[in-house]
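Enquirer: Encoded as structure tokens, here's the structure I'll be asking about.
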Ligand SMILES: [Zn+2]
Ligand SMILES: [Zn+2]
């Protein structure tokens, strides 16, 4: 079991014991534990996509942002699913018997949006505005919300299968730094962009007519601006930014990208 999944279980158990105390002043601790459980199940989900996810990013992000990136990688990342398999009597034919492996329930982005900030708002002293307008939530409201989230998390953590991500992948080694690049190819797409997580390299993966994949570096050749040199240098799209430079292999000069303004006279 992943560390995040067991952390989620511990946080959920603590939240449930705070709720069971029936003491209103302990509701905030329940809200805090539930928030941590939501974070843990979301990071757990992200860990299933680890090789497709920029590593620096999922270590520091909020659940909403993590889930948004997951959905970019795989539009079904936050959907519940049932996994079953069967043997086709002949290729392409629907199997007569399907074996069910189980159902996975995911704490989806809608639930994160609905509950995560709301739980957070229970952790702070009410603002002056809330106090003046007497809009601070009553203990009953806080308890109801906490109980709802707790029930949903119970279902997520009770899933018999979890972190299933099925898809077609293309993987290859980065031509610049040798890091392994792994990219999911959605069924309805014939071309996807894959950026290297370690360096600035970027590739286009294209589906060929016979169903294989072809990988091309997305470089553009920029001629050295030194008059009389013009030696081309392949540049990746992510390198086109202020201050990035290269040393020309032919004339040895240094070329740097600078922000500029190009004026065109009226007319
Ligand atoms: Zn690379
Ligand atoms: Zn040059």
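Enquirer: Name the pairs: first residue in the range 171-196 and without any contact (Cβ under 8 Å) to a residue 60 or more places away in the chain and over 21 Å from residue 236 (Cα atoms), second residue away from ligand 2 (no atom under 16 Å from the Cβ) and part of a loop (DSSP other than H, G, I, E, B), Cβ to Cβ under 8 Å, at least 6 apart or on different chains?
Expert: 185/167
Enquirer: Okay, moving on. Return the residue satisfying two criteria in turn: it lies in the range 209-219 and is part of a loop (DSSP other than H, G, I, E, B) and surrounded by 12 or more Cβ atoms within 10 Å (Cβ to Cβ), and of such residues it is nearest to ligand 2 (Cβ to nearest atom).
Expert: 219
Enquirer: Is it the case that the range 207-218 has a residue that's away from ligand 1 (no atom under 16 Å from the Cβ) and at positive phi?
Expert: yes
Enquirer: Answer with yes or no whether residue 46 is part of a helix (DSSP H, G or I), closer than 30 Å to residue 199 by Cα, in contact with a helix residue (DSSP H, G or I) (Cβ under 8 Å, 6 or more places away or on another chain) and modelled with pLDDT of 80 or more.
Expert: Here the answer is yes, as residue 46 does meet what is asked.
Enquirer: Of all residues in the range 111-150, which are over 27 Å from the mean Cα position of the chain (by Cα) and in a helix (DSSP H, G or I)?
Expert: 128, 129, 130, 131, 132, 139, 140, 141, 142, 143, 144, 147
Enquirer: Quick one: which of 177, 251, 229 is within 16 Å of ligand 1 (Cβ to nearest atom) and in a loop (DSSP other than H, G, I, E, B)?
Expert: 177
Enquirer: Whether any residue in the range 220-233 is away from ligand 2 (no atom under 16 Å from the Cβ) and within 18 Å of residue 175 (Cα to Cα) is what I want to check.
Expert: Yes, the range 220-233 contains a residue that is away from ligand 2 (no atom under 16 Å from the Cβ) and within 18 Å of residue 175 (Cα to Cα).
Enquirer: Follow-up. List every residue pair whose Cβ atoms sit under 8 Å apart, with the two residues 6 or more apart in sequence or on different chains, where the first one lies in the range 242-255 and is touching a residue at least 12 places away in the same chain (Cβ under 8 Å) and more than 10 Å from residue 224 (Cβ to Cβ) and the second, anywhere, is away from ligand 1 (no atom under 16 Å from the Cβ) and not in a loop (DSSP other than H, G, I, E, B).
Expert: Qualifying pairs under 8 Å: 243/256; 244/256; 245/254; 245/255; 245/256.
Enquirer: Would you say residue 187 is more than 16 Å from ligand 1 (Cβ to nearest atom) and part of a strand (DSSP E or B)?
Expert: Considered against the rule, which asks whether it is more than 16 Å from ligand 1 (Cβ to nearest atom) and part of a strand (DSSP E or B), residue 187 comes out as no.
Enquirer: Sticking with this one: If I filter the range 141-162 for residues that are over 30 Å from residue 24 (Cβ atoms), within 16 Å of ligand 1 (Cβ to nearest atom) and at pLDDT below 85, do I get at least one hit?
Expert: Among the residues of the range 141-162, not one is over 30 Å from residue 24 (Cβ atoms), within 16 Å of ligand 1 (Cβ to nearest atom) and at pLDDT below 85, which makes the answer no.
Enquirer: Here's something else I'd like to know. Residue 106 passes all but one of (1) surrounded by 18 or more Cβ atoms within 10 Å (Cβ to Cβ); (2) assigned to a helix (DSSP H, G or I); (3) modelled with pLDDT of 80 or more; which number fails?
Expert: Against the list (1) surrounded by 18 or more Cβ atoms within 10 Å (Cβ to Cβ); (2) assigned to a helix (DSSP H, G or I); (3) modelled with pLDDT of 80 or more, residue 106 comes up short only on (2).
Enquirer: For residue 203, which of the numbered conditions (1) within 30 Å of residue 236 (Cα to Cα); (2) modelled with pLDDT of 90 or more; (3) away from ligand 1 (no atom under 16 Å from the Cβ) fails to hold?
Expert: Exception for residue 203: condition (3).
The values are calculated or read from the model by the stated rules, or taken from the named source; none is laboratory data. All values reported here derive from a predicted model rather than from experimental measurement. Every residue, glycine as well, gets a Cβ built from its backbone with ideal geometry; the counts of neighbours run over all protein chains shown.
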